[in-house]
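Worksheet: one structure, shown below.
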Amino acid sequence: MSKTTINGFFLYLTITSLYTVAVIRDIFFNKRTELYKSFGGRFKYLTILNLYVHYVYFIINLLVAIAELTMSRKNSKNFSKLKQFCNSLYTSIVFPVGLFVAITFWGIFFFDRELIFPKAVDHLIPIWQNHLVHTLPLVAPILENFTTKHYYSDSFFTGVLPTLFLAGCYIIWILIVAHVGGIWTYPVLEVLSTSNRAIFFGVLLLFLGLLYQMGKLTNLVLWPNEWAQSKRIKSKLKKKLN
């Protein structure tokens with residue numbers, strides 16, 4: 001990740017504040033709803049898992065931004081490992097999964113909301129909270145792209161592997177919830193046959209891979225000079241090794 005700018009700081013501060021509201025609402029006001037009483041609780045929902053990953057990510061970046069803007073350049077370098085971790089978190093989860101959550105939710109919602117967010121739960125989750133957990137995950141990582149350069153693996157397959165691995169783990173978790181708890185996390189899975197369910201998961205994994213590549217291409221478009229410089233450095237290193 002590139003060094004934080006003052007614009008990046010205010011962006012992290014704003015997004016962290018919004019996610020704080022969403023997390024407080026989830027912890028203190030949603031804990032007794034029927035959505036969370038069944039097996040797996042709140043953490044059977046990808047939306048909630050993504051919410052907490054995003055929250056941790058933007059909190060860390062906010063703290064690093066404060067350090068970089070207030071400390072000397074020498075001392076701020078102590079956060080390089082933490083920034084590498086955040087960079088990996090962004091490329092593998094924050095961007096692709098965040099966009100995945102938003103696009104799939106609203107896509108299914110406008111097609112048939114009963115398959116993803118039945119009207120029966122409107123009184124449990126107000127519209128503003130719905131946007132914090134289903135719209136902000138799309139807006140936040142895209143906006144961050146304008147203030148922060150992220151670094152992606154040259155190989156698509158190497159780069160996307162962590163994303164698909166985590167997605168596979170979540171699919172297994174969904175199946176465990178269905179088998180042990182006797183419920184499908186999302187109503188749309190209940191109406192599909194076993195074969196169609198497998199196809200559905202396969203298509204979503206492909207879509208997730210495309211979102212990973214979209215994040216990489218977005219960085220390339222927004223930071224062309226950085227990419228060119230990175231390629232020149234790698235080319236020089238190869239020549240030295242040869």
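With contacts taken as Cα pairs under 8 Å at a separation of at least 6 residues, the chain carries a relative contact order of 28 percent. In the stretch 103-177, the ratio of gyration radius to Kirkwood radius, Rg to Rh, stands at 1.06 when only Cα atoms are counted. Axis of helix 80-89 versus longest Cα principal axis of the chain: the two differ by about 40°, to the nearest ten degrees. Computed from Cα atoms, the angle from the helix 194-222 axis to the main principal axis of the chain rounds to 30 degrees.
When only the heavy atoms of the protein chains count and the probe is 1.4 Å, how do Asp154, Asp26 rank by accessible area, highest first? Don't skip to the end; give the middle numbers.
Values: Asp154 105, Asp26 0 Å².
The ordering from most to least exposed comes out as Asp154, Asp26.
For the stretch 102-234, the relative contact order comes to 28 percent (Cα pairs under 8 Å, sequence separation of at least 6).
Checking (1) 20.5; (2) 19.5; (3) 18.2 against Kirkwood radius over Cα pairs in Å calculated from these atoms, the matching label is (2). Surface calculation, 1.4 Å probe, protein heavy atoms: Met214 sits at approximately 80 Å² accessible.
Here the sum of -39500 (n - 2.57) over DSSP H runs of 4 or more residues, divided by the residues of the chain, equals -23500 deg cm²/dmol at 222 nm, to the nearest 500. Taking all protein chains together and a 1.4 Å probe, the residues Lys216, Lys44 rank Lys216, Lys44 from largest to smallest accessible area.
Specify the angular offset, from 0 to 90 degrees and rounded to the nearest 10, of the alpha carbon long axis of helix 156-176 from the longest principal axis of the alpha carbons in the chain. Once rounded, the angle reads 20 degrees.
The values are calculated or read from the model by the stated rules, or taken from the named source; none is laboratory data. Note that the coordinates shown come from a computational prediction; the quantities given were computed from them, not determined experimentally. Side chains are part of the model used for accessible areas, which takes the heavy atoms of the whole protein and leaves out ligands, DNA and RNA. Shrake-Rupley method; radii C 1.70, N 1.55, O 1.52, S 1.80 Å.
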